[in-house]
Every structure is written in structure tokens, then in C-alpha cells.
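Student: Provided herewith is a single structure, encoded as C-alpha cells, for subsequent inquiry.
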Amino acid sequence: MEKRLRITIFEDGMQAHAAVAPGPPMGRGDLERSINEAGIRRGQLPSAIDDLAALLEDEKGQAEGLLIARGEEPSAGRPGRLRIDVPEPDPIGALRDGDRVDFRERGFLPVVREGERVATLIPPTRGRSGFRVTGEELPGLEGPAFPLLLGKGVVLDDDGMTIRAVREGVFTRPGEGRIEISDHHRHDGSVDMSSGNLRMKGSLEITGSILPGFEAEASDDLVVHGDVDRGRVRAGGCLQVFRFLVGDGATRNTAGQDAHCRGIRRATLHADGAIHIETEVVDATLEAQRILADGPRGRVRGSHLKAAKLIRARDVGSEGGAETLLHVADLESFEREMESQSRKHHQEARRRQQRGAGPGGRSKGGKAGREALETERARLKGRLDLRRRRRELLQHCAIEVLGTAHAGVIIQFADTRLKLGEAQKRTRFTWDPEANEIRNEELRS
């Protein structure tokens with residue numbers, strides 16, 4: 001019988017084959033005993049065993065390479081993955097005033113705090129076990145680990161799973177498997193309905209434009225390669241708009257340092273440093289320490305320019321007489337700061353007075369009088385500081401017109417105004433402290 005039936009197990013134990021030669025018939029019991037003696041314990045194929053039994057019952061039956069048992073390869077588990085714990089941008093928008101949705105606020109640049117958990121590394125799982133036909137179990141394979149790449153601003157906790165921010169900034173995923181907290185983000189495209197408003201902790205670069213009604217804000221520098229078209233921009237550092245800043249007549253744009261635009265129309269722009277405009281300033285309001293609109297095509301029409309120290313422009317005003325104001329030694333911002341400090345001091349004095357009041361509502365002793373005196377002293381100090389600041393600014397400030405200042409242009413130093421009765425070319429305006437008036441002279445090369 002052994003010569004009639006030959007069973008072979010492959011070297012890897014994953015398959016068993018049978019060969020049948022003509023000979024005396026063999027019963028089912030003989031077949032099962034031969035399979036057992038060959039060492040086959042698992043993975044028998046019932047239909048193949050039935051076919052083999054039929055061949056053995058026929059003395060003329062013969063065959064080669066009959067697959068009668070097959071093992072099972074172990075399977076791989078699920079791969080590791082990265083779970084992002086920072087809220088995803090809202091595809092619709094943010095609620096405002098309880099039930100109103102602002103479709104422009106989508107949180108496209110999520111800001112995280114130092115120490116905040118930003119992601120969790122989920123380990124891979126082990127797959128299903130396999131076996132050989134000899135009965136040996138093959139353990140399941142562990143899935144591949146997630147290819148994590150930690151960029152700047154993030155660390156992996158000791159638990160090997162939790163990823164935290166080590167600084168405040170914008171959570172970004174610049175590449176497959178890479179996460180980081182960035183202080184600079186480049187947004188490819190425009191700020192529109194697809195992105196929503198962009199707010200960045202750090203510097204922000206926008207390759208497109210800012211469309212009507214949308215905003216971009218950065219705590220550091222903000223660069224817009226296109227236009228700002230009736231949107232709003234706010235930079236804690238420098239602001240640069242490569243094309244035009246166009247407003248709606250009401251929106252206020254700000255820069256914590258210098259601001260630079262090709263041109264500006266119907267917009268308000270405030271900078272704590274200098275403002276540089278290459279071409280035109282039309283129906284706009286500019287506020288800065290220094291304002292420079294002196295490019296070869298620079299012109300200022302129907303606008304209010306307010307600077308603490310210097311205004312330099314190419315052509316100012318128009319023959320049509322559109323009101324154009326050039327104002328230096330502007331103390332409005334300083335006055336507002338003084339008023340704010342005075343109000344805070346007064347409110348604090350009132351709170352102290354109320355805390356020290358007796359049962360009848362009066363302050364004990366002369367405390368109320370002393371606090372009132374302190375408030376008055378603070379106001380007086382503010383006025384004296386304002387006068388001192390005014391004298392300093394008037395001594396050093398200037399307005400320079402490199403081309404033509406048309407009739408009707410208003411030149412203002414502090415609260416003193418001079419309206420030009422006729423056009424003047426290449427003129428420098430300064431303050432005469434002895435005559436207490438504005439003087440002008442030819443601007444020398």
C-alpha cells in the first residue's frame with residue numbers, strides 16, 4: 001500500500017501533496033491512517049480527500065501532485081496611525097451671536113498652546129495567526145508602525161504615544177507623516193471661501209489675494225503677494241502688500257511695524273513704524289511715524305496722511321481740488337493714550353473709594369480727597385507730557401513734496417493749518433518756533 005500511496009509535505013509545511021499508483025484497492029480507513037502517519041494535522045481539504053479515496057478504491061487509479069492539505073499564512077495587523085487631536089477646520093463656518101454662521105471663520109490655521117496635546121500615535125495591531133499542515137501555529141504579524149516625523153515645536157512624551165507642542169504656534173502637516181508647530185506659514189492661493197479667514201501665531205505669507213469680506217492676521221509679519229480687495233489685514237510685525245490695498249471706506253488695516261504697498265485706495269492703514277507707498281494714495285487715510293509716497297509715479301489724491309515725524313510725497317492733490325491733508329506732529333494717538341490712562345486711573349480711584357466707604361457711603365477720613373488729588377495730578381501730568389511731546393515733534397518734523405502740491409492741499413503741523421492758495425513745486429514745509437507758524441522753502445536736491 002505504501003507503494004500505491006505516497007504523501008509529501010513541502011519543506012515549509014504549508015502544503016501536502018499525494019501521488020497514487022495502480023495497485024490493490026485501499027479503503028477509507030487506510031487512507032486516513034496514512035494521512036495521520038504522514039504528520040498532517042490541520043488544513044485537510046475534504047473534497048480533495050474524497051477524490052483521493054475514490055482513486056484508491058479503483059485498482060487502476062493513479063494521479064500525481066494531488067493537493068490534499070494546505071496551511072494558512074499569518075495575516076498582518078492594522079498599521080499604526082496618527083490621530084490628530086487638534087480640531088479640524090470647520091468646512092461650514094463658526095457660530096456668531098448664538099445662531100448666526102460666519103462662513104468666513106473656518107479655523108484654517110489652528111493655533112495651539114505650549115504643552116497642548118496635538119496628536120496621539122496609535123500603535124499597530126497584530127494580525128490573525130496562521131498554521132502549517134503539521135499543526136504548528138504561526139503567530140500573526142504586527143502591522144507596520146506609522147512613519148512619524150517630528151518637526152520643530154513638537155515632542156513625543158515618555159509614553160511613546162502622546163505628542164505635545166513645546167511652544168505656541170500654528171499646527172501644520174507639511175508632509176506625509178510630518179507634524180510641526182510653525183511660526184511661519186505659506187498659504188498657496190487666495191484667502192477666500194475655500195480657506196476662510198486666516199489667523200496666524202507667527203508670520204504668514206499669502207501667494208494670492210485677499211477677497212472681499214475676508215481677513216488675514218499674523219502676530220508677526222504678514223506678506224500678501226496679490227491684492228487686498230476690500231478685505232482686512234492686521235500684522236503684529238511688518239505688513240507687505242505687493243499689489244494694491246483696496247478698502248471699502250470703513251475697514252481699518254494695521255501693522256505693528258512698517259507697512260509697504262504698491263498702492264492704496266479707499267482704505268485706512270495704520271502702522272506703528274513707517275508706511276511706504278510706491279504709486280498712488282487715493283481716498284485713503286494713512287497713520288504712521290513716517291509716510292513715504294515718493295516713488296516716480298507716487299501721487300496722493302483726496303486722502304488724509306497723518307504722521308508723527310515726516311511725510312514725503314511726489315505729487316499731492318489735484319487740479320479739481322479734492323481735499324488732501326498732510327498732517328505732521330499728529331498727536332491724536334498720543335492724546336488717546338493719555339485719555340485712556342486718565343480714565344483707568346480715575347476708575348481705579350473710584351473703586352478704592354467705594355471699598356473704603358463707611359456705612360453711610362462716605363470714605364473714611366481724607367482718603368477720598370487724597371485720591372481725587374492724585375487723579376487731578378495724573379491729568380495734569382498727561383497734559384504736560386502732551387505739550388512736551390508736541391514741542392519735540394514740531395522741532396523735528398517736516399513735510400516734503402518732491403513734485404507738485406496743488407492748490408487746495410492742506411498742510412498741518414499739530415493743530416495749525418495752512419491751505420495752499422496756489423500750486424507749489426519741490427517744497428519743504430517745517431515749523432518756525434519763533435513765529436509759531438508753518439514755513440516753506442524750496443526743496444534742494
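The values are calculated or read from the model by the stated rules, or taken from the named source; none is laboratory data. Please read all numbers here as calculations on a predicted model, not as lab measurements. Reconstructed Cβ throughout: ideal geometry from the backbone, glycine too, with neighbour counts over all protein chains shown.
Student: For region 31-43, which residues satisfy the criterion of being surrounded by 15 or more Cβ atoms within 10 Å (Cβ to Cβ) and free of Cβ contacts under 8 Å to residues at least 60 places away in the same chain?
Tutor: Answer for region 31-43, where residues must be surrounded by 15 or more Cβ atoms within 10 Å (Cβ to Cβ) and free of Cβ contacts under 8 Å to residues at least 60 places away in the same chain: Leu31, Ser34, Ile35, Ala38.
Student: Going by the structure shown, is Gln412 assigned to a helix (DSSP H, G or I) and at negative phi?
Tutor: no
For (1) among the aliphatic types (A, V, I, L, M); (2) without any contact (Cβ under 8 Å) to a residue 24 or more places away in the chain; (3) out of contact with any His (no Cβ under 8 Å at 6 or more places or on another chain); (4) farther than 22 Å from Gly127 by Cβ, each residue gets a yes or a no:
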site	(1), (2), (3), (4)
Pro46	no, yes, yes, yes
Leu56	yes, no, yes, yes
Gly80	no, no, yes, no
Arg83	no, no, yes, no
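Student: Quick one: is His276 at pLDDT 95 or above, more than 27 Å from the chain's Cα centre (by Cα) and under 28 Å from Lys425 (Cα atoms)?
Tutor: Answer is no for this residue.
Student: Right, here's the next one. So, of the residues in region 232-254 that are buried (at least 24 other Cβ atoms within 10 Å of the Cβ) and under 17 Å from the mean Cα position of the chain (by Cα), which turns out to be modelled with the highest pLDDT?
Tutor: Across region 232-254, the extreme among qualifying residues is Val233.
Student: Next question, about the same structure. Note down all Cβ pairs under 6 Å where the first residue falls in region 115-134 and is not assigned by TED's automatic domain parsing to the domain that holds Phe10, the second is of a type in the set (S, T, N, Q) and loosely packed, with under 15 Cβ neighbours inside 10 Å, and they're at least six residues apart or on different chains.
Tutor: Gly127/Ser75; Arg128/Ser75
Student: With more than 25 Å from Gly153 (Cα to Cα), in a loop (DSSP other than H, G, I, E, B) and among the acidic types (Asp, Glu) as the only criterion, which of Asp220, Asp248 stands out?
Tutor: Of the residues listed, the single one that is more than 25 Å from Gly153 (Cα to Cα), in a loop (DSSP other than H, G, I, E, B) and among the acidic types (Asp, Glu) is Asp248.
Student: Take the residues in region 156-201 that are at positive phi and at pLDDT 85 or above, then tell me which one is surrounded by the most Cβ atoms within 10 Å (Cβ to Cβ).
Tutor: Here the residue is Gly196.
Student: Criterion first (assigned to a strand (DSSP E or B) and in contact with a Ser or Thr (Cβ under 9 Å, 6 or more places away or on another chain)) does Glu180 satisfy it?
Tutor: Taking the combined requirement at face value, the residue satisfies it.
Student: Shifting gears a bit: Out of curiosity, is Glu337 acidic (Asp, Glu) and at pLDDT below 95?
Tutor: Criteria met by Glu337.
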